[in-house]
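The values are calculated or read from the model by the stated rules, or taken from the named source; none is laboratory data. Worth saying up front: this structure is predicted, and the values here are computed from it rather than measured. No Cβ is skipped: glycine too gets one built from the backbone with ideal geometry, and neighbour counts run over all protein chains shown. For the accessible areas, the whole protein counts, side chains as well, though only heavy atoms, and no ligand, DNA or RNA atoms are used. Shrake-Rupley method; radii C 1.70, N 1.55, O 1.52, S 1.80 Å.
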Amino acid sequence: TDGGATWGDVVRVNGSDIIPAFTPTVQVRRDGIVAVSYYELASSAALPSSPLPVTFRIARSPSGDADTWRDAAVEDAFDFSAAPPSSRGRVTNGLYLGEMHGLVSTGTSFSALYVRTRPTPADSTEVIFANVADGSLR
C-alpha cells in the first residue's frame, strides 16, 4: 500500500519447512493478490525413476493479506538430474535449467514461464508458458 516502503513479517509460502524450494519469482496483481512461483524437491513417489524429482509450483495468498498461502504444483514432477550441467570454462557448477523463468499477472490470474527437463534427448530442456488460475493449470 505504500509502494514497498514497509514490509511485513517473513512468511513461508511453500507447504513444508523441511523440503527445499528454490528460484522464487514474485508477482502482485492490481487487486493486491500476491503469487510466488518456485521449484521444489518432490517425493520419490512423484517420479520413481528419478533420483532428483522436482515440481514447479505456485503459491497464492487467496485473501491478499500475504499471511496465509495456498500452493499447488503447476504440473507433474520432472527429473532435475537430467538438466544439463552449468559450466564456466572448465568448472562445472551443478545442474542448470537456464535463466528463463518469470511470473506475470494477467487480469484475475497469473501466467508463469519456466524451464523443465525433457525425458529425451538427454540433457535437454524445454521452456513452458502456463496460464495459472488459483494455483492450478487452466
Quiz item: Can you list residues whose amide H is under 5 Å from Leu52's amide H, if they're 5+ apart or on another chain and H is modeled 1.01 Å from N?
Solution: Phe80, Ser81
Practice problem: Could you list the GluC sites (Glu not before Pro) in the stretch 1-99 that lie in coil according to DSSP, counting only those with at most 11 other Cβ atoms within 10 Å of their Cβ? | Solution: Glu99
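Mind listing which chymotrypsin sites (Phe, Trp or Tyr not before Pro) in the stretch 1-109 are in a DSSP loop and have 10 or fewer other Cβ atoms within 10 Å? Please list the in-between numbers first.
On the way: sites: Trp7, Phe22, Tyr38, Tyr39, Phe56, Trp69, Phe78, Phe80, Tyr96; in loops: Trp7, Trp69, Tyr96.
Here the chymotrypsin sites (Phe, Trp or Tyr not before Pro) that fit, given the DSSP loop and packing criteria, are Trp7.
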Quiz prompt | Protein accessible area in the chain, 1.4 Å probe - carbon and sulfur % | solution = 53 percent
Quiz item: Can you tell me the accessible area per residue over the stretch 1-97, all protein chains present, probe 1.4 angstrom, in square angstrom?
Solution: 62 Å²
Quiz item: Check Leu95: other-chain or 5+ apart residues with amide H under 5 Å from its amide H, H built from backbone geometry?
Solution: Ser86
